[in-house]
1. Non-local amide H neighbours of Leu102 (under 5 Å, H modeled in plane, Pro and chain starts lacking H): which ones?
2. To the nearest µm²/s, what D does Stokes-Einstein give for segment 67-123 at 20 °C and 1.002 mPa s, using the Kirkwood radius over alpha carbon pairs as Rh?
3. Please report, in whole Å, how far the alpha carbons of segment 6-127 spread along each principal axis, starting with the longest.
4. Take a quick pass over the chain and tell me how many lysine pairs come in under 29 angstrom between Cα atoms, counting only ones 8 or more apart or on separate chains.
5. If the chain between Val185 and Ile142 were fully stretched, how many nm would it gain, using 0.36 nm times the residue separation less the Cα-Cα distance?
6. Let me know the longest stretch in the chain that avoids all trypsin sites (Lys or Arg not before Pro) found in a DSSP loop with at most 16 other C-beta atoms within 10 Å.
7. Which FRET efficiency value, to the nearest 0.05, do you get for Ser120 and Leu161 by plugging their Cβ-Cβ distance into 1/(1 + (r/R0)^6) with R0 = 25 Å?
8. Between Ala18 and Val60, what is the label-to-label distance in nm when each label sits 7 Å out along the Cα-to-Cβ direction?
Amino acid sequence: MKQLPRILMFTVGALSAAIILSSLAFGIAVLFVGPKPAWMIFGFEVVSMVAGVMGILFAVGRFQEGQGMTLACVAVTTAVAAFLAWLSVPAGLEINGRNEPLNLTKWLIAREGASVVLGSIAAFAVLSRDRRSLSYLTKSIITGAPVLALAGGAFVGRHSLAPMLAAMPGWLSMLLACILGVVLVGLMSACGHCLIRAFEMGRTENKQPNT
């Protein structure tokens, strides 16, 4: 299978190396900086290191028969390990000589950001195999964007939305909820279908020529 562009292979290697080095440093640090070793975080950092090693191997030409799956595994493993490590210290990491626990949110955002980039490269590796994927991907974005916009608007205006709904007659709020529910289900179904079809076009056993 044809390798990804050099810039993407370099990006995968650089991010994987950063994950390995940061996991090694942070994993060792959490065993000594606090009043007691944070073995939970250490274990998840070991998992992240393994994922980083897979990313490095990919960057040097290994696992090319399953580019998308390999990078997806690296991205998801890194993201889940970081989230679980962050979740294991909800009040923050205790450090000797520090009055307040260290908040790991910025560390989590950095790891999740690296995972998003790796996941995006994984998606590109599959979607770029067949030009027909772009059409389905565009349809998926068009049908999914209104759902995200509505969800974001509802979250931002949640404090004013609740009193507005409460002031409506019961039958009207129920009718609006039913109509909105049908529309959202339809949009999400179309979005999911088009997204699945976009990735199906990139399957290696798909023998139809690019168009």
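1. Correct list: Leu93, Glu94, Ile95.
2. Value of D from the Cα-based Kirkwood radius: 175 µm²/s.
3. Sorted from largest, the Cα extents of segment 6-127 read 49, 20, 20 Å.
4. Here the count comes out as 4.
5. Going from the current span to full extension adds 14.0 nm.
6. 132-202
7. Approximately 0.15, to the nearest 0.05.
8. Distance between label points: 2.1 nm.
Readers should treat all values here as calculations from the given coordinates under stated rules, not as data from a laboratory. Quick caveat: nothing in here was measured; it's all calculated off a predicted structure. Heads up, the Cβs are rebuilt from the backbone with ideal geometry, glycines too, and the neighbour counts pull from every protein chain shown.
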